[in-house]
Amino acid sequence: MGRIQECRLFWREFRTSFRTTGAILPSGRRLSRALAHYVAEPADGPRRVLEVGPGTGVATKQIAAALRPGDRLDLVEVNERFVRLLKEQLQTDPALLPQAERIRVLHARIEDLPREERYDVMVSGLPLNNFSVDEVDAILRIFNELARPDAVLSFFEYIGIRRLKGALAGRAERERLRGIGQLLETLLAGREIRRQAVWRNIPPAWVHHVKLEGAT
Ligand SMILES: C[S@@+](CC[C@H](N)C(=O)[O-])C[C@H]1O[C@@H](n2cnc3c(N)ncnc32)[C@H](O)[C@@H]1O
């Protein structure tokens, strides 16, 4: 599927499933590459990689290109139409086909993933700013539960989005955004190992990379 068709599908999903889709366009190539940064880093042995909310698979292609022999990639996606597209691309897209044996597509919410798997690198495309404070809190705990010790979580948010939404919102919505901001600040404090501004994306985005302790 070409970029224009992907954008069309994304826009349709944005209109019908606004809360979970969370963006009007799939991430651009630079943002996708930044999200895959730690998959491309050298490692001692084979790794388990998780991508949450792959959508139309733009970051997935960058992640797949950075996989090394023995690595395995799980994709967790809640939207059935994106799941269908991802499965199709695994069989047809030259960027994914060579790695298809090592990639699993799971049609699920991250909240419903069994907690027995552990990952070395996790990449999230989740639109956290669309969720309730409790949902974000639960999701951040799940990332830690799924993390091997010293796992890296990479995720993005659009630059200034919480401030912009807050300025236009009523009191309850401002409270919700403030709560999410606090949770993210707590996550980043002392754990953020790299932050990248991706200005050439619509809209521009911060990519945060954090090192997680992992569940004991
Ligand atoms: C902002 S889009 C990002 C898509 C893609 N990663 C990109 O950068 O273009 C958010 C994606 O997360 C998925 N999603 C939302 N909530 C989810 C959840 N609880 N578990 C798994 N996937 C979820 C949506 O269906 C959508 O594909």
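The numbers here are math on the coordinates, done by the rules we state, and not lab data. Since we're looking at a predicted model, the values are computed, not measured. Note that each Cβ is placed from the backbone with ideal geometry, even for glycine, and that neighbours are counted across all protein chains shown.
Table for the structure above
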{"item": "Label-point gap, in nm, between Ile4 and Glu192 - each point 7 angstrom along Cα→Cβ", "result": "3.9 nm"}
{"item": "Stokes-Einstein D (µm²/s) once Rh is taken as the Kirkwood radius of the stretch 58-161 over alpha-carbon pairs, at 4 °C in 1.567 mPa s", "result": "87 µm²/s"}
{"item": "Helix-only CD estimate at 222 nm, as mean residue ellipticity for the chain, using -39500 (n - 2.57) per DSSP H run (n ≥ 4)", "result": "-12000 deg cm²/dmol"}
{"item": "14 Å reach of a label modelled at Asp112, 7 Å along Cα-to-Cβ, counting backbone N of the stretch 58-85", "result": "76-81, 83"}
{"item": "Proximal lysines to Lys87, defined as alpha-carbon separation beneath 18 angstrom and excluding residues fewer than eight positions away on the same chain", "result": "Lys61"}
{"item": "GNM flexibility winner over the chain from Ile159, Ile193, Ile142 (Cα, springs under 10 Å)", "result": "Ile193"}
{"item": "Rounded if a/c under 1.5, otherwise prolate or oblate - the chain, Cα gyration tensor axes", "result": "oblate"}
{"item": "Net length gained if the chain between Ser132 and Ala167 were fully extended (0.36 nm per residue, minus Cα distance)", "result": "10.8 nm"}
{"item": "Ellipsoid semi-axes in whole angstrom, largest first, where each is sqrt(5λ) of the Cα gyration tensor of the stretch 1-113", "result": "23, 15, 14"}
{"item": "Efficiency of FRET between Glu88 and Glu175 - r from beta-carbon atoms, R0 41 angstrom, step 0.05", "result": "0.50"}
{"item": "Relative exposure of Trp206, Trp199, judged by other C-beta atoms within 10 Å (fewest first)", "result": "Trp199, Trp206"}
{"item": "20 °C / 1.002 mPa s Stokes-Einstein diffusion coefficient of the stretch 1-50, Kirkwood radius on C-alpha pairs, µm²/s", "result": "165 µm²/s"}
{"item": "Test item: Cα-centred dipole of the chain, Lys/Arg +1 and Asp/Glu -1 on Cβ, debye", "result": "820 debye"}
{"item": "Sequence of Thr21, Thr16 once ranked by neighbouring C-beta atoms within 10 Å, starting from the fewest", "result": "Thr16, Thr21"}
{"item": "For Leu153, Leu9, Leu67, order by how many other beta-carbon atoms lie within 10 Å, fewest first", "result": "Leu9, Leu67, Leu153"}
